[in-house]
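Just below is one structure, and these are the notes that go with it.
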């Protein structure tokens with residue numbers, strides 16, 4: 001085999017490996033355990049949605065929904081506007097609602113490229129016949145934000161993340 005062919009094949013092999021590694025990184029995600037501690041409110045279980053919010057404050061993606069009955073999704077007003085404009089199958093990221101004083105641990109999957117890139121995680125909460133909290137908790141999607149305890153302003157006492 002000539003030197004030119006060997007060099008060309010070596011170049012193509014290196015290029016393929018670098019391209020493949022770069023492509024794999026772009027779509028890479030990490031899973032995080034998300035623990036939500038609720039306040040000691042009285043009443044029905046809270047419906048909570050965790051959303052990815054872009055740098056302009058717009059909804060980009062639903063990460064998790066606590067509350068399985070779709071007929072109550074309209075009580076999460078801001079998220080529901082997004083959900084009805086951009087319908088997505090959320091059955092794989094839906095779980096039980098959470099009652100006062102309880103805690104819930106769920107796993108959320110976050111694209112690595114979104115971390116430290118100006119995004120936020122928004123926790124919206126609603127309880128039947130009680131006040132709705134559009135921004136019960138809002139956490140900057142940064143390395144520091146994911147490692148800190150974040151206090152809520154409504155039905156959520158606090159939220160903590162840990163790598164899964």
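Just a few scattered comments:
- Rounded, prolate or oblate (a/c below 1.5 giving rounded, otherwise prolate when a/b exceeds b/c) for segment 29-163 by Cα gyration tensor: oblate
- Cα gyration tensor shape for segment 94-164, rounded if a/c is under 1.5, else prolate or oblate: prolate
- Relative packing of peptides 123-136, 104-117 - highest average C-beta neighbours within 10 Å first: 123-136, 104-117
- Among 138-149, 86-97, sorting by the average number of other beta carbon atoms lying within 10 angstrom of each residue, highest first, gives 138-149, 86-97.
- Taking 0.36 nm per residue of separation and subtracting the Cα-Cα distance, full extension of the segment from residue 142 to residue 113 would add 9.4 nm.
- For segment 29-163, the relative contact order is 36 percent, taking Cα pairs closer than 8 Å that sit 6 or more residues apart in sequence and dividing their mean separation by the residue count.
Here, each number is a calculation from the coordinates, and none is a lab measurement. These figures come from a predicted structure and were not determined experimentally. Positions of Cβ are generated from backbone atoms using ideal geometry, with glycine treated the same way; all protein chains shown enter the neighbour counts.
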